[in-house]
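Let me begin by presenting the structure, written as structure tokens, before commenting on it.
The values are calculated or read from the model by the stated rules, or taken from the named source; none is laboratory data. Because the structure is a prediction, the values reported are computed rather than measured. Positions of Cβ are generated from backbone atoms using ideal geometry, with glycine treated the same way; all protein chains shown enter the neighbour counts. Surface accessibility is based on the protein's heavy atoms, side chains included, excluding ligands, DNA and RNA. Shrake-Rupley method; radii C 1.70, N 1.55, O 1.52, S 1.80 Å.
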Amino acid sequence: MKKNARLNRRAALAAGAGLLFAPAVQAQPRFPNRPVRMIVPFAPGGGTDLQMRALCEAASRRLGQPVVIENRSGSGAILGALALVNDRTPDGHLLSQMPSNVFSYPLTVRNAPYDPLTDFTWVMQMTGYVFGIAVKADSPFQTLGDLMEHAKANPGRVSYGTTSVGGVPHITMERIAERFGVELTNVPFRGGNETLTAVLSNTVTVMVGSGWNEFVRQGQMRALCHWGRQRLPSLPEVPTLRELGVDIVQTGAYGFAAPKGLQANALTALHEAFRDSLQDPGHLSVLAAADMQVEYLGPEEYAASVAQTMAQNRQVLGRLGLLAR
């Protein structure tokens, strides 16, 4: 018995020594351990801001820390992307909503300050805008086919208003023009309100982009089509591009990203919290009011979509002569 006791005591001491000298396993710090900052590169009160506030409020409850909106408007909506590039602590506490301009801007300037393919961690795609083609209510163009027939007979004389050169509405309208074999003239304005005013005053023929929905409902404008996957519940008479034989779906879908090198535990926590928050009733009500729909992609799918968007933008901008040299 004494011999067995001595053996057991030696085994216990040996086991204890093994624990003392075993290599330490470093656990990743708890995430989040303080408020998370979400940059929205638009002014407060707009559609994107309202959607992001509803989503971040729901995500705050799931993360156990506030997700605080920081509005940084101007500079073509790339200030959030620049903040991420300049962040040196990719721990998940700084994020940014990433609008479609983020993907066209670096293709149009020399010495671009970032590369969407390598400089960010793409966390999740969320939703997209309702883009489409609308004319004044008394316009002679009843359908997209009418407009394109007129454009074919009058090269370059059909003008369309957008809010930027090289943005999603501009690029997509040029893709549509290419499919129909017509030449159109883009007229960029500083914002959606100016574009609407130009169409209603007959300064330009067509409005391309978003913001026409309510004017169509009020009878001041006519939508020839929108670019989503399915008809809008609030405007069921407006066809999609696909229904008209043009296989393009474009909503300017957007999501959010973190700095390059985001820690794995933070990526998982952020993705799961925001993914679940997409279906939060408060968030869904904000989407419904804006005719927007959930367009979810996880991290890997979102990164692949970014690469596809960059390739598509490069092709169209090259054809338009807008690529940086």
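Annotations
- Region 195-223 residues that are within 16 Å of Val158 (Cα to Cα) and open to solvent by 40 Å² or more (accessible area, probe 1.4 Å), paired with ones that are aromatic (Phe, Trp, Tyr) and part of a loop (DSSP other than H, G, I, E, B) (beta carbon under 9 Å, 6 or more apart): Thr205/Phe141
- Criterion: part of a loop (DSSP other than H, G, I, E, B), more than 16 Å from Gly132 (Cβ to Cβ) and among the hydroxyl-bearing types (Ser, Thr, Tyr) - qualifying residue of Thr251, Thr203: Thr203
- Pick from region 268-305, criterion under 16 Å from the mean Cα position of the chain (by Cα) and hydroxyl-bearing (Ser, Thr, Tyr), ranking: most open to solvent (accessible area, probe 1.4 Å): Tyr296
- Index of the failed condition, Arg190 passing every other in (1) closer than 23 Å to Phe103 by Cα; (2) part of a loop (DSSP other than H, G, I, E, B); (3) at pLDDT 95 or above: (3)
- Figure legend. Inter-residue proximity from region 110-125: first residues in a strand (DSSP E or B), second residues of a type in the set (Asp, Glu), beta-carbon distance below 8 Å, spacing 6+ or different chains. Indicated pairs: Gln125/Glu295; Gln125/Glu301.
- Summed over region 88-108, the residues that are modelled with pLDDT under 95, over 14 Å from the mean Cα position of the chain (by Cα) and not hydroxyl-bearing (Ser, Thr, Tyr) give a count of 2.
- Test: residue in region 46-61 that is at positive phi and not aromatic (Phe, Trp, Tyr): no
- Condition check for Thr89: on the phi < 0 side of the Ramachandran plot, in a loop (DSSP other than H, G, I, E, B) and open to solvent by 20 Å² or more (accessible area, probe 1.4 Å): yes
- Total residues in region 159-187, condition at pLDDT below 95, in contact with a Gly (Cβ under 9 Å, 6 or more places away or on another chain) and either in a loop (DSSP other than H, G, I, E, B) or more than 26 Å from Gln308 (Cβ to Cβ) (or both): 3
- Filtering region 143-158 to residues that are small (Gly, Ala, Ser), in contact with a Leu (Cβ under 9 Å, 6 or more places away or on another chain) and either closer than 18 Å to Gly211 by Cα or open to solvent by 20 Å² or more (accessible area, probe 1.4 Å) (or both) leaves Gly145, Gly156.
- Given (1) modelled with pLDDT of 90 or more; (2) surrounded by fewer than 18 Cβ atoms within 10 Å (Cβ to Cβ); (3) not aliphatic (A, V, I, L, M), index of the condition Gln51 fails: (2)
- Of all residues in region 115-136, those being farther than 19 Å from Cys56 by Cβ and open to solvent by less than 10 Å² (accessible area, probe 1.4 Å) number 5.
- Contacts under 7 angstrom Cβ, first residue in region 44-59 being in a helix (DSSP H, G or I), partner of a type in the set (D, E, K, R), 6 or more apart: Ala58/Asp280
- Each residue in region 233-263 was checked for being crowded, with 19+ Cβ neighbours inside 10 Å and either of a type in the set (Phe, Trp, Tyr) or in contact with a strand residue (DSSP E or B) (Cβ under 9 Å, 6 or more places away or on another chain) (or both), and 12 of them qualify.
- Residue in region 170-180 that is in contact with a Ser or Thr (Cβ under 9 Å, 6 or more places away or on another chain) and of a type outside the set (A, V, I, L, M, F, W, C) present: yes
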